[in-house]
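Single-structure report; data block below.
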Amino acid sequence: MCDREKNTNVRLSLPAVCIVWQTAMIILFGVFIRYDHESDAHWVEHRKHLNLTDIENDFYFRYPSFQDVHVMIFVGFGFLMTFLKRYSFGGVGFNFLIAAFGLQWALLMQGWFHSLDYTDGKIKIGIENLINADFCVAGCLIAYGALLGKVSPVQLMVLTLFGITLFAVEEFIILSVIHARDAGGSMVIHTFGAYYGLSISWMLYRPNLHQSSGLQVSVYHSDVFAMIGTLFLWMFWPSFNSAICDHGDGQHRAAINTYLCLASTVLTTVAISSLFQKHGKLDMVHIQNATLAGGVAAGTAAEFMLMPYGCLIVGFCCGVISTLGYIFLTPFMEKRLKIQDTCGIHNLHAMPGVIGGIVGAVTAASASVEGGHQAAGLCVALCFGIGGGIIVGAILRLPIWGDPADDNCFDDETYWEVPEEEEESIPTILQYNNHMRNKDIGGTNHQNQPL
Amino acid sequence: MCDREKNTNVRLSLPAVCIVWQTAMIILFGVFIRYDHESDAHWVEHRKHLNLTDIENDFYFRYPSFQDVHVMIFVGFGFLMTFLKRYSFGGVGFNFLIAAFGLQWALLMQGWFHSLDYTDGKIKIGIENLINADFCVAGCLIAYGALLGKVSPVQLMVLTLFGITLFAVEEFIILSVIHARDAGGSMVIHTFGAYYGLSISWMLYRPNLHQSSGLQVSVYHSDVFAMIGTLFLWMFWPSFNSAICDHGDGQHRAAINTYLCLASTVLTTVAISSLFQKHGKLDMVHIQNATLAGGVAAGTAAEFMLMPYGCLIVGFCCGVISTLGYIFLTPFMEKRLKIQDTCGIHNLHAMPGVIGGIVGAVTAASASVEGGHQAAGLCVALCFGIGGGIIVGAILRLPIWGDPADDNCFDDETYWEVPEEEEESIPTILQYNNHMRNKDIGGTNHQNQPL
Amino acid sequence: MCDREKNTNVRLSLPAVCIVWQTAMIILFGVFIRYDHESDAHWVEHRKHLNLTDIENDFYFRYPSFQDVHVMIFVGFGFLMTFLKRYSFGGVGFNFLIAAFGLQWALLMQGWFHSLDYTDGKIKIGIENLINADFCVAGCLIAYGALLGKVSPVQLMVLTLFGITLFAVEEFIILSVIHARDAGGSMVIHTFGAYYGLSISWMLYRPNLHQSSGLQVSVYHSDVFAMIGTLFLWMFWPSFNSAICDHGDGQHRAAINTYLCLASTVLTTVAISSLFQKHGKLDMVHIQNATLAGGVAAGTAAEFMLMPYGCLIVGFCCGVISTLGYIFLTPFMEKRLKIQDTCGIHNLHAMPGVIGGIVGAVTAASASVEGGHQAAGLCVALCFGIGGGIIVGAILRLPIWGDPADDNCFDDETYWEVPEEEEESIPTILQYNNHMRNKDIGGTNHQNQPL
């Protein structure tokens, strides 16, 4: 499969997929999607009927959190993936593309399962649907993290189409059949998304990826760009985990729990990063990624009475485990398990997601009897992630998607018009060399030589 | 006009304009501006009188949206204009300056028209006035997009002074005389702002601008910076279009409509960008700009019952039209119409703005009888933009404003202290060359040569 | 002290501090910290008891402001400190570390003073505690600004531990003993934090810092990164100053006042920056920093009836004073007072903070009798800042903290794994030089030479 000639020209396939799928969205939205009680012009009557004031429209409970989640999806995930030297366009740009497509498909898929009004067969959407659509997209963006730089935008669209579909089914089983709870999606979003991506990466294993290793590195400013992503994810994670919690103390507690969990993670990440590097120097990869693990793990139990110290403990463990994962597990997985994980999503999403699921099960078990439901939910997420990833990976191996050759990965040149580099030093060099040569061969000594 | 010696020293004019105008603002604010019922210390009585709770203060309905709009104005517009190789300081910095001035003047101008308390002759301001001031500023920032890199900060201040003034009059006519509706400002903000800027650019046509063409390009990291602007505009546009809508379902629906419109635009932008480039490679200019066209077009009809599928259709069309505009129309306008449009605001604001106005008229017409009012509003916006731009352009042609010469455009050196470049490779080269020369002329072969 | 061999290896000390202190946090949180009425599962009963609706949970009054403050702390302060050529990792990364630690310690320290429930000896936390913790952290981040590039992460942790402790005591005295008001923290946060940092810097004076002067400069893109910090601070400062104000008109007015103050500052900053530079060119340092001075000065009086024109006057003065400070005072302080202030916090936080304290005292005095209390509060902030800074500075002079040598400051290499630079031009140069040499010594003239 690696020997075939690679054609990375997506001039027909990418426009075709975008136009046809967007048209399909329009038709399906036309048939199925309408405003719900709170976003429809009948709100005034509805409000009076329920004796509510305007401020009790769900919009005001959730819109600030929604916007924070939206920032996480587009700037957070997008900029976190700009860290590669020459794949910043692909990182932030393809993230943008697949998120914009995914949220439309998610509104439909999740709508059919959760928001279908059986009186008229329509999906009724409001602000909570928008948040859930962003959540659903997050699963696919996590999967993209494992594949960053190694797939074509067409493959990413396919990954998203199937990913959203699988997500909606998995979510329905976990939340509505098993009745597990997962407000911040440790299981539903992170565990599923990470194993989905890792399984696809395993299916698309590239034995000669080392041929691109010169580009699988960061440069100084690309690392700073990635910190924009890290920080917006870190700061807004309390909104992510609280966005669809119950009004009142539910949202309030979820935000506090996540805030504490994340704070604790930063310290242990720094500790482990320094401890395992020569001379105690910090590694930007750890700071960019492992500091977020606490937010992932706080997801399931976010609105539970986890207690502030409990959050700190969870965050403490996640920082340690995630950073150790970057140091030891990622190289091991690439070498032994043949799983190439560009962004290290196994350390940032898979392990903390499973931890979050377990924390949720334990907390729930200690409070009531539904601990088993939580554990069952975690298993479903794992199965859908791995199983779905293998199937979708097999589809993505077909030689029709325009993916790059092994020596052509992590390079924006493949799918983007990349601007010429600043070559300011080149003319200087030329002039200098001319000058030197002239001297060597007896040329005149120019007075106002540059340099 | 192009042959005259250009003096770009603004050491007297820029401080003078800033200090004098800011002093004028203080005096006018002292005479005219006071807090309104909801921001004044009398709120408690007012609240009790109307039997409201504190949370029903307009602040809580609109402050999150206001902050999102604020981010769009300063980070969104500012960073969108950092894409040029050597004009990032001017892009984000002058944007900052004129927005900070413009919002003060807008509070006065819009206040006189809309918030004047006739009992005491004072303008009473609250959170909604702040949002409207930011909106008003947006018109001038759009105009700046056409002129980016070709004007002095003093010219920009003049552009803003007149732009805000024209905006306030135009807005009053459209909203309060004609009684058209335009919650997100497709007509009032985008159509007006774009044609205002394009007309000025036409008046300031530079036949020899090609002399600066080496700087009218991006570099890799400046394109990534611009994506920060793009994404914050894209993500927060739902807040922009819903910020001053009616409480309750109005704000809720406007946010949903805009969110959907924008999602759809991304896919068609990608499709057209890929389809019209050699090898199907995406062009960052399109991704940075045309993806936003749906937000512009959703403005007028944002709170109408546009229906989710209707939003997707509008977004679909805008992505196509805007991207085609960048490919075909911008070069045509520069060559044939002598309109030099640095950021392509014709494609991002002018055309989508007009589309938004038409969508508003059609939606309104299908719902009631005020479709004609909407169409009239669109015409007023066009007239004010073009007419105002020609007059202000004539003023800006006066040879007193310190604008750069044709071979000196798009260069931060003109108005900024620019740091020395990293010249890390230069010493290496010097040493290397010395080494080579030594070898050539029989020098000793140093052991630990760098490189 | 400067002659001793410097060991910057923090491989044991940094992990030890992080792990031990984080463990201490977990224990103290376990003993002391619980949810408050509004974030606890008993909210439903509490709400019914007080006849409130869910939306009147304090969460909805303050969460949007909290998130804005959170962005200021992590992205605002963090990116403002990325302006140095080779200290962007340290700027944003150490900011991240000490803020994440500081907010935990602040929840405890402030909790003991302000949120201790005497019935059970527990600190009860809700959203307002989170905001206050972020505020408390801000004081230490301001202090970091003076020391940027010259201290080790271990020193920063120590600075934060003591800084938070001092802050909590100082805040308790000012707000609860003296009963001064300081909603936006001009005195409590900015004056204290700035003098704390300046005193430490004075204690850690480096006479040979000029040896690192080659790195105490910015490059083009690091200045653009810093503008991200500037703008997020500038935009969200209205949230900072209003976050813990009274519900209703208090928050509303504080936001308006700060918004106006900051707008005015931008214009005078630009004016002074241009006026005092050769050729009237703007200096990025001023735009990045002095534009924020108005927000600092609006802190104390934010919720007072300062009147819109009063805000503009305060902003006007702060822009002038702060910019003049950067031009004249910072070099003077370094040369004569032996205070090296990397970010110029004296101009951005110290002077505007004192101005804010005075504005608060005058405004309060004109309204009632508590003007003297405000003045006393300002003195307490100054004393704690200077006194605390001298003591902590003495501790930080101990030769055990791993700080860099004078010729090794402002360099991320010391504490970070820094990626290799892009050396794309080097191969070209090599090839070119080979080509030239071949020519010189009679080599063949290759046809398709690169370059």
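Of all chain C C-beta atoms, the nearest to the rotation axis linking C with B is recorded, alongside its rounded Å distance, as C:Pro64, 3.
Under 28 Å of direct C-alpha separation, and excluding same-chain neighbours fewer than eight residues apart, A:Lys85 reaches these lysines: A:Lys6, A:Lys150, A:Lys278, A:Lys281, A:Lys335, A:Lys338, B:Lys85, B:Lys278, B:Lys281, C:Lys85. Here the 3J(HN,Hα) profile of region A:222-234, calculated from phi with Karplus coefficients 6.51, -1.76 and 1.60 at θ = phi - 60°, is 5, 5, 5, 4, 4, 5, 4, x, 3, 5, 5, 5, 4 Hz, Gly and Pro shown as x. Return the FRET efficiency for the residue pair B:Ala41, C:Asp58: r is the Cβ-Cβ distance, R0 is 22 Å, and the value is rounded to the nearest 0.05. Approximately 0.55, to the nearest 0.05. The mean number of partner chain beta-carbon atoms within 10 angstrom of a residue's beta-carbon across peptide C:410-416 is 3.
Residues in region B:313-329 carry Karplus couplings, in order, of 5, 4, x, 3, 5, 5, x, 5, 5, 5, 5, 4, x, 4, 6, 10, 7 Hz; the curve used is 6.51 cos²θ - 1.76 cosθ + 1.60 with θ = phi - 60°, and Gly or Pro positions show x. Ordering B:375-385, B:204-214, C:396-406, A:196-206 by mean Cβ neighbour count within 10 Å, with the highest value first, yields A:196-206, B:375-385, C:396-406, B:204-214. When Rg and Dmax are taken over the Cα atoms of chain B, they come to 24.4, 97 Å. Highest mean first, the peptides A:263-273, A:58-68 sorted by other C-beta atoms within 10 Å per residue fall in the order A:263-273, A:58-68. Note on A:Lys338 and B:Lys335: the model spin-label points, each 7 Å out from Cα along the C-beta direction, lie 5.4 nm apart. Shape class of the protein assembly as shown from the Cα gyration tensor (axes a ≥ b ≥ c, square roots of the eigenvalues): rounded, since a/c falls below 1.5.
Going by Cα centres, region A:332-393 and region B:93-168 are how many Å apart? Each part reduced to its Cα centre gives a spacing of 52 Å.
A cut-off of 5 Å between modelled amide H atoms, ignoring neighbours fewer than 5 places along the same chain, links A:Asp117 with A:Lys122, A:Ile123, A:Lys124.
Computing FRET efficiency as 1/(1 + (r/R0)^6) for C:Ser176 and B:Val362, where r is the C-beta to C-beta distance and R0 is 51 Å, gives about 0.25.
If you take the beta carbon distance between B:Asn7 and C:Leu12 as r and set R0 to 60 Å, what does 1/(1 + (r/R0)^6) give as a FRET efficiency, to the nearest 0.05? Rounded to the nearest 0.05, the efficiency is 0.45. The value of relative contact order for chain A, using C-alpha pairs under 8 Å at least six residues apart, is 23 percent. Distances from C:Ser366 to itself in the other copies, using label points 7 Å out along the Cα-Cβ axis, amount to 5.6, 5.6 nm in increasing order. With both residues required to sit in the protein assembly as shown, DSSP beta bridges show an antiparallel share near 35%. Here the label points at B:Lys48 and C:His114, each 7 Å from Cα along the C-beta direction, are separated by 2.8 nm in the simple model. The mean number of partner chain beta-carbon atoms within 10 angstrom of a residue's beta-carbon across peptide B:305-312 is 6. Averaged over the residues of B:261-269, the number of partner chain Cβ atoms lying within 10 Å of the residue Cβ comes to 6. Between copies, B:Gly214 shows label-point distances of 2.8, 2.8 nm, shortest first, with the point placed 7 angstrom from Cα along Cα to C-beta.
Throughout, read-outs are computed from the coordinates displayed, never taken from laboratory work. Note that the coordinates shown come from a computational prediction; the quantities given were computed from them, not determined experimentally. Heads up, the Cβs are rebuilt from the backbone with ideal geometry, glycines too, and the neighbour counts pull from every protein chain shown.
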